[in-house]
Every structure is written in C-alpha cells, then in structure tokens.
Amino acid sequence: MSDAPLDDPRLFINRELSLLEFNRRVLEQALDSSIPLLERLRFLTISSSNLDEFFEIRVASHKERATWGADGVGIDGLTSSQTLTAIKASATCLVKQQYAVLNEVLLPELEREGVRLISRANWTPEQATWVEEHFHQEVLPVLTPVGLDPAHPFPRIPNKSLNFVVQLDGEDAFGRDSHLAVVQVPRALPRILPMKLGGPEDYVLLSSVIHAHIGDLFPGMRVLSCHQFRVTRNGELWVDEEEVDDILQALRGELPERRYSQAVRLEVAHDCPEAVTHFLLDRFELTDDDLYRVEGPVNLYRLGALYDIDRPDLKYVPFQPRVPRRIQRGESLFDALRAGDVLLHHPYESFVPVLELLRTAAVDPQVLGIKMTLYRTGERSGVVEALLEAARRGKQVAVVVELRARFDEERNIDLATRLQEAGASVTYGVVGYKTHAKMLMIVRREQGELRRYVHLGTGNYHAGTARAYTDISFLSASPPLGRDVDRIFNQLTGVGQVVQLEALLQAPFTLSRTLIERIDQEAENARRGEPARIIAKMNALTNKAVIQALYRASTAGVKIDLIVRGACCLRPGIPGSSENITVRSILGRFLEHSRVFFFHAGGKRELYCSSADWMSRNLLRRVETCFPIEDPAIIDRLLREDLENYLGPNVRCWILRSTGSYERNPPQDHEGEDAQAKLLAEICTAPDLAVEAEGAPA
C-alpha cells in the first residue's frame, strides 16, 4: 500500500463505518468507571440517539441509491449496496454492545447506588397493585388497540414510536377471530415512571406496565404473546427548491409526512416469534437485513429521563463559566471591542457576552441595524428575543434563517414567522446551499460615522449547547472583517457575482481552495528543508481532495496532527503516504465542536477558526465562513488551549490506526490526563471569574 497512488481506495476509510466506530467510542464512555454513573448512562443514550440519526439519514440515503440504480462508488471503493452490507454487520454488533452495557453494567451499578429500574418479575404484591391502578387510570384511556382484519388494516406507525404487536386466541363479541393486533403508545406518556410503595428512587418502564396488563385491552381473548417494536424511517425532507415559490410553505407541508416516510429499520424484542417478525417486515417493506433484535426497551434514548433525578453525587460537578474581566457586565461592550478583539472559549467561558451584545444593540439608540444568521437556536432563546425587541423598536433587522437545519425545520419555520411578524427582514439563504455560517453584525453610529461590530463563531447561537459544546466565539470591531461580513450578508439576501473578501474565507468559493493551498505550501516548505507544521481540529474529515493534500504534505515531511472527533476517512501511519500524520479523537464531558486550523507558514503562524468541517458538504455545498486570528496573544491562547492541550502523550483520547480502528490512549487500566478537566480548572477558576448575567442558561 505504501506505493499506492493517492486516489487508491485502500487509502480511504468508509465514512459510514467510521461514523459507527465513533458511536462505539461514545458507548465505551459508558464503561469508564472514572466518569460519574448517571453521566455514563447519558453516554449510552447519546449512542442510541446517534444510531437513530445514522439510520434516518445515512442508511436511508444508501438504500435510496441502491434501490434507484444510483449505486455509486465511494472514495473507499465500496458501492452503496456493499456499504449497507458492511453497516449491517457493524451495527448489529454495536446494538448488542449497547444492551450488554445497559443490562450487565449500568443497571446493576445503578441498583447498587439505590437507583432501581424494577422489572415485572421483581414487583412486590403491593407494587403490582399500584401498577394495575396506574395502568387503568393513566394509561388505558389513551391506548387504542387495533385488531387486524379487512376492516382494520395495519395502522400507520410513526417514526421511532413505541408499539406492541399482540398475538391473540379466541373470538370477540362480533364473532371475529383476528389473531393479531397492534397497540400504539402515545409519545406524551412518560417512558419511565416513579414506582410507588418502593424506595425513593425506584422506577418502572412504561413498557413493563403496558405489557403486564395488555390483556385488559382485549377482554375475553387469550394473549399468546406481546412484544415491543419500533420502526425507523427516512428522516430527510425533499423539496425541489427551484420549483417552489416559498420554501417555508413547502417545508411546512412536508414536515407531517416525515413521520411516515420510507422505513429503513425495524427493531423488535429479542424473543419476538419469527412469524410475527416477518409479518412486520412485510408490512414495512423491509428485509431481514433491516431487522435488529434487542434485549430491553426499543428506545434506549428515553432512559435519559433517569438523568434528571436529584443525585448530584452521580453527575459531573457543576461549574461556572468565566466572563473575562474586560467585558464584565457594567462595562460597554462596544468600548471593549474598539479596544481589541475578544475571544470566548465555550463552555469554559460564558456565552452571556454574546447575548448581552445583542440585548444592548436591541435597545441602543445609536444602533441602526442588526444582521444575523440562525441555524439552530434553543426554545425561549435570548438571541431571538433580542432580535424581536430590535425589530419592534424600528431597527433594521435582517435574519438569514436556515429552514433546512436537520430536525430543527419546524422550530426554524416558527422562528422565521415570529421574526417576520415583528417586522424583521427574513430570508432563507441560497437555493441549493445550506447557510451554515455563524455570523452577527451590528451597525452603530459613532461620532457621525457608521461602525460595524461582528461576532463569528464555530458553533450555533444556542445558549444551551454553549454549556455542553466546546466552541469558539470571536468578537471584533475590525473594519475588514465588518466589511466582509456585510458583503456576505448582501450576497445571501440579494443577487450578484462572487465578491472578493479582504479577510474571510468563504465556502463554497474560496475556503476549499485556500485550505489546500495552505497545506501544499507547508509541503513545499518541508521540501526546502524549512520547518513545516499543521495542526487541525474538527468534527469530521471526509473530503477526498483535502485528504490527498494531507497525504502529499506527509510524504514531503510535514508533521501533521489532526484532532477529529467523529468520522475520519484518512488512514494515518501508512509508510510512503501518511507516516507523518496522527489522528486522535477526544470524547469527554463536553462535545468537542470547535474547528481550528493552524499552519506554521514559514514562521508567520496562520491560525483560522471556522464553522466548517473538512467535509465535501461543508466545503462545496454550504455557505460557511472561516476567519483568521491575527492577534499574536489570541493565537498563543488558541494554540495552547484548543490544540496543543489535546496532543500530550498522556492525554485521554482515542488514537486512529492505519487499519481504521481506534485504540484508547492511555490503556483503560492506566490513568490519563483529562484535557477538558484541565481547561475547567485553568479557565473557570481564573481570577477574573464573574457571575453570569441574569437570564443566562443554567
């Protein structure tokens, strides 16, 4: 393989298998005894949620291509059909591991801590009586059994809903001898119930409650079997943007149908009879390759309700994000930004200054306009409230809302409608390109002139994720940055040719080309015997052209360290191709989400932060920004905190091998350094710690 050309499929890892491997690493966090127990349960639920989305998007896409004859070959040489076969083997193993972790590790350890999920076999007579009363009072009235016969066809089953398939014996009151029925469980019912007449932290699964009394839905009939099942459906929304007049109305019309789109996976209880299983597969037009048998609740994500119990001893110790002294509340944020750029490293530093900048701008009579992109926001968002207030006060508010932010479409449609009703100018980006850039611009009149203030980020304007994701916020009054951001907004809301930017890199126009140029320049410097170095941190690395450029740089002698949390299609450590490249994945308390790229650049040290990963969709099919950091002190800080901090030999991480597998570093039986905990200690206990502003996220 060392002599393979740089487009040889053997040099590339299959993207889907890499995503499943990432999910396995997430699941293994649930086995790490150094992590608090309820946090380990949360990692299990994240693994389950990730796998759901993997089937809704990635598997659904491959099934469509294989079905419609567009079975193209990926960069790893596999067709969609071959990829689906490989996915089945890997996903089956992952599902078995998930339920083994639940049943053999987490539930026993939770029970030792006094948190019990009590199975039907272990109910006391008093508890069984309470369960029966609860079923009849709170559950039975909202269940609708459907006995299958010509007058009662198989019901429409929503995506990822809890259902039961029931085998029956006997005739009903009308003389019908239907032997099969389906019971759908409304989403509104909580899946985990506090068990009365037990310990203070005893719980029972709703599925156990229903299973125990399923016969009450079919009086006079004999229940032969009762089993859970869940179907996963294609999660993509399809709208022909060039054929519709209003994408908002088109998406609004498509949303209800997503719950009933093409099925891609069937999950059933492990002991569900073969005949019943194949009946369900036929109804959903699936095959045995789409079947997954599980030993426990069919939706592990709903076990996350246990995380909300009041057991701080089983969770991470709370922390207080820092607010840098120079922008603490009471000082003018505009004055602070005129004095110099400000970098915020979330979640160690608070998102509140960004909210405060918006809130101040909304009521400041000197502010004339606010422009902003919104991709994802939380419920009751302070960002949105500030924009609404600014619009109501008559300021020019222009918002580019990305309606197609996956699984946030409905929320963004409602957001766009609210902003329009308040008087804001709302657009939805560019047809064919998602607007993924994170940009805010405030225009303020100062001493008779207009000045632009900007915020650029690697993450969304979501106060909740700012406490759970690592991201970079960059606040500046730099005129070149302000002019560039203004040009991009005008490009998004109007029409015109590609504009030349002074400082920013932009996808889909200059970002990919410039990144490859920077990588190739490092290679050229190395060939001349000069120092050459690349450090890059991102969520995913899958773009073939970028990977080939990294291979070229490696063969030229450039030392390259990549910190890639999720999917990575590059194979490191291959002689003659990538022996100078290391790849590591960091998984911890926070989701590593920042994108930071460093190039030695002949000693000039070029460092960029970006909203874009090194993926084809980000570089070629989205509107993204990548912004340079020019202040030497901020470059030093980002190098230290967000890059070199993760590269120490004893840092807890996962190392990617040339085989495509990951190894824990250091081994699990050795104590390693937690890079995130180190930053918490260094940043959140720094002397300029300030109390968060009122209304900050908890």
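Stokes-Einstein at 37 °C, 0.692 mPa s, Kirkwood radius from Cα pairs: D for the stretch 554-622 in µm² s⁻¹?
After rounding, the answer is 237 µm²/s.
With Cβ to Cβ distances under 14 Å as the rule, what net charge do the other residues near Glu644 carry (K, R +1; D, E -1)?
Neighbour charge sum, excluding Glu644 itself: +2.
Projected onto the charge dipole of the chain (+1 at Lys/Arg Cβ, -1 at Asp/Glu Cβ, origin at the Cα centre), which of Met195, Ser577, Ala567 gives the Cα projection farthest towards the positive end?
Sorting the options by dipole projection puts first Ser577.
For the stretch 411-490, report the accessible area per residue in Å² (1.4 Å probe, heavy atoms, rounded to an integer).
Spelled out: the 1.4 Å probe surface of the stretch 411-490, per residue, equals 36 Å².
Between the stretch 429-443 and the stretch 3-41, what is the C-alpha centre distance in whole Å?
So the two Cα centres are separated by 31 Å.
Once you have the alpha carbon radius of gyration of the stretch 327-387, what is it after dividing by 2.2 N^0.38 Å, with N set to its residue count?
Cα-based Rg divided by the globular estimate yields 1.17.
To test your reading of the geometry: what angle, between 0 and 90 degrees and rounded to tens, separates the Cα axis of helix 247-258 from the longest principal axis of the chain?
Helix 247-258 sits at roughly 30 degrees to that axis.
With angles folded into 0 to 90 degrees, how steeply does helix 479-493 sit against the dominant principal axis of the chain? Use alpha carbons for both and round to 10.
50
Could you tell me the center-to-center distance, by alpha carbons, between the stretch 448-495 and the stretch 412-427 in angstrom?
Computed from Cα coordinates, the inter-centre distance equals 19 Å.
What percentage of the solvent-accessible surface of the chain, computed with a 1.4 Å probe over protein heavy atoms, is contributed by carbon and sulfur atoms?
The value for the chain is 49 percent carbon and sulfur by accessible area.
Apply the Debye scattering formula to the stretch 1-157, with a single equal point scatterer on each alpha-carbon and no solvent, then give log10 I(q)/I(0) at q = 0.09, 0.18, 0.19 Å⁻¹.
Calculated log10 I(q)/I(0) at the listed q: -0.53, -1.11, -1.13.
Over the Cα atoms of the stretch 113-217, how large are the radius of gyration and the largest Cα-Cα distance (Dmax), in Å?
Rg then Dmax for the stretch 113-217, in Å: 15.6, 52.
How big is the stretch 446-603 on each of its three principal axes, counting only the C-alpha atoms and giving the largest first in Å?
Largest to smallest, the principal-axis extents are 61, 40, 30 Å.
Debye calculation, C-alpha points only, no solvent: report log10 I(q)/I(0) for the stretch 319-445 at q = 0.15, 0.22 Å⁻¹, in the same order as the q values.
-0.75, -1.32
Send over a whole-number figure in Å² for the accessible area per residue of the stretch 255-296, probe 1.4 Å.
The answer is 49 Å² per residue.
Among Val495, Val558, Ala540, whose Cα lies farthest out toward the positive end of the dipole of the stretch 464-600, if unit charges sit on the beta carbon of Lys, Arg (+1) and Asp, Glu (-1)?
Ala540
Using DSSP to call loops (not H, G, I, E or B), can you name the chymotrypsin sites (Phe, Trp or Tyr not before Pro) in the stretch 153-225 whose Cβ has at most 13 other Cβ atoms within 10 angstrom?
Answer by residue number: Phe174.
Would you mind giving the average projected area, over all directions, of the Cα convex hull of the stretch 510-594 in nm² with one decimal?
Mean projected area of the Cα convex hull: 5.5 nm².
Please report the spacing between the Cα centers of the stretch 500-534 and the stretch 620-636 in Å, no decimals.
13
Normalized C-alpha radius of gyration of the stretch 524-568, against 2.2 N^0.38 Å?
Expressed relative to 2.2 N^0.38 Å, the Cα Rg reads 1.21.
Expressed in nm², what is the orientationally averaged projection area of the convex hull enclosing the Cα positions of the stretch 373-440?
4.3
Looking at the chain, send over the antiparallel percent of its DSSP beta bridges, to the nearest 5.
The antiparallel fraction comes to roughly 70 percent.
Kindly report the accessible area of the stretch 549-638 per residue (heavy atoms of protein chains, probe 1.4 Å, no ligands, DNA or RNA), in Å².
Counting only protein heavy atoms, the per-residue value for the stretch 549-638 is 27 Å².
Equivalent ellipsoid semi-axes for the stretch 438-533, as square roots of 5 times the alpha carbon gyration tensor eigenvalues: give them largest first, rounded to whole Å.
They are 30, 20, 15 Å, listed from largest to smallest.
Counting Lys +1, Arg +1, Asp -1, Glu -1, what net charge surrounds Val564 among other residues with beta carbon under 11 Å of its beta carbon?
It works out to a net charge of +1.
Using only alpha-carbon positions, what ratio does the radius of gyration of the stretch 395-489 give when scaled by 2.2 N^0.38 Å?
Normalised by 2.2 N^0.38 Å, the Cα Rg of the stretch 395-489 equals 1.18.
The values are calculated or read from the model by the stated rules, or taken from the named source; none is laboratory data. Because the structure is predicted, anything quoted here is derived from the model rather than measured. Every residue, glycine among them, receives a Cβ derived from its backbone with ideal geometry; neighbour counts consider all protein chains shown. For the accessible areas, the whole protein counts, side chains as well, though only heavy atoms, and no ligand, DNA or RNA atoms are used. Shrake-Rupley method; radii C 1.70, N 1.55, O 1.52, S 1.80 Å.
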